[in-house]
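Structure first, commentary second.
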Amino acid sequence: MSMLRAFEPIWLFAAAGYAARRWRLLGDRSVTVLGWFVFHLAMPVALFVRLSTTTLTGFDGRQLAAFAASTAVVIGAGWYGAGRFFGRKAGERTIWGMAGGYVNAANLGIPVATQVLGSVSFLVEVLLLQTIVITPVVLAMLDRHAEAGGKIRFRRLTTLPVRNPVILGSALGIAATAAGFSTPQVVQTPLAFLSSAAVPAALITLGASLYRREPEPGTGRAEITAITALKLVAQPAIACAVGLLLRLSQPQLLAVVVCAGLPTAQNVFVFAQKYGVGVALASRAVLITTTLSLASIAAIAALLGH
């Protein structure tokens with residue numbers, strides 16, 4: 001029951017964001033503005049503050065291997081199934097696979113890891129994997145189909161991790177810990193204030209993004225059901241199976257399965273919108289998996305946690 005209570009702040013803040021958007025206390029651009037604040041300022045600082053004061057020992061490659069295996073299998077299955085069963089074209093198939101296997105490790109992952117796992121250490125590994133490995137591969141595939149002649153812009157891909165504020169915050173925090181660097185007292189309080197705003201702002205943004213005044217056409221119910229099943233059922237189940245095979249401890253297994261059970265990341269919608277492929281698909285996938293994941297992650301925590 002204590003695990004379920006850990007989700008109460010998540011549900012309350014998300015509900016507050018939804019209600020504020022529904023009753024027009026937040027304008028139409030509120031989700032974008034709040035999202036920029038969270039992504040570019042609050043979350044990077046929160047990661048830096050946490051990691052710069054956390055001893056980064058005990059990383060186990062088996063955990064990341066279990067998560068990576070679940071991600072690869074689900075994205076690959078989604079990419080294949082989108083073309084085989086739903087007739088999606090190449091660029092749309094990439095978004096389809098990403099919607100099924102790319103987790104919301106930043107905006108929702110941090111509050112979930114904080115409330116349920118009590119640590120963001122493994123989540124940092126997930127963020128690094130997604131930003132350094134998965135995102136460049138996805139963007140390479142999208143660039144290939146967006147450019148005339150299928151040209152891939154490698155310079156843009158190689159600089160992506162450096163231009164990502166979330167990964168920069170994580171990297172700086174890890175570097176500070178490794179070097180034994182202590183943040184000067186004069187900036188500790190401002191950083192703490194900004195860091196404390198990250199989780200509430202992210203959850204309010206999430207709740208506000210769930211409200212839609214009009215339904216978005218372009219995606220069948222069968223597709224969304226398949227994506228939801230891949231994201232919230234297949235991916236955590238595969239992660240759990242691989243984790244058991246690798247003999248992970250109970251806390252390690254819980255971290256892997258909870259992170260694998262996170263909903264579709266909003267970055268999927270951002271990429272779809274930028275490249276003009278599968279926009280309605282990505283939007284609905286984010287909306288539905290995020291809504292249902294609040295219950296599914298609570299169930300995972302209740303089953304695997306103490």
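Couplings 3J(HN,Hα) of the stretch 16-27, computed from phi: 5, x, 5, 5, 5, 6, 5, 8, 6, 6, 10, x Hz, in residue order, whole Hz [Karplus 6.51 cos²θ - 1.76 cosθ + 1.60, θ = phi - 60°; x for Gly and Pro]. Fully extending the segment from A65 to A302 would add 83.0 nm, taking 0.36 nm per residue of separation and subtracting the current Cα-Cα distance.
At full extension, T177 and T32 could sit 48.9 nm farther apart than now, given 0.36 nm per residue minus the alpha carbon distance. Between F193 and L292, full extension at 0.36 nm per residue minus the direct alpha carbon distance yields a gain of 32.5 nm.
For the stretch 2-304, a crude dipole built from +1 on the beta carbon of Lys and Arg and -1 on the beta carbon of Asp and Glu, taken about the Cα centre, is about 600 debye to the nearest 20. A cut-off of 5 Å between modelled amide H atoms, ignoring neighbours fewer than 5 places along the same chain, links T54 with no other residue.
Place the peptides 198-207, 276-285, 110-119 in order of packing, highest mean first, counting for every residue the other Cβ atoms within 10 Å and averaging per peptide. Provide the component values of the computation, followed by the final result.
Details: 198-207: 24.5, 276-285: 22.2, 110-119: 20.5.
So the peptides 198-207, 276-285, 110-119, ranked by packing, come out 198-207, 276-285, 110-119.
With the charge dipole of the chain set up from +1 on Lys and Arg Cβ and -1 on Asp and Glu Cβ about the Cα centre, the Cα lying farthest toward the positive end among the listed residues L168, T205, V137 is that of V137. Considering only G78, G101, F37, the residue lying farthest towards the positive end of the dipole of the chain is G78, judged by Cα position with unit charges set on Cβ.
Run through all the Cα pairs of the chain and give the fraction in each 10 Å bin from 0, expressed as whole percent. Pair shares across the bins are 6, 27, 36, 24, 6, 0.
In this structure, the amide hydrogen of R88, modeled 1.01 Å from its nitrogen in the peptide plane, lies closer than 5 angstrom to those of G83, counting only residues at least 5 positions away or on a different chain.
Taken together, the values in this text are just the output of simple stated rules run on the coordinates, not laboratory data. This one's a predicted model, so the numbers in the text were calculated from it and none came from an experiment. Glycine also receives a Cβ, built like all others from the backbone with ideal geometry; neighbour counts cover every protein chain displayed.
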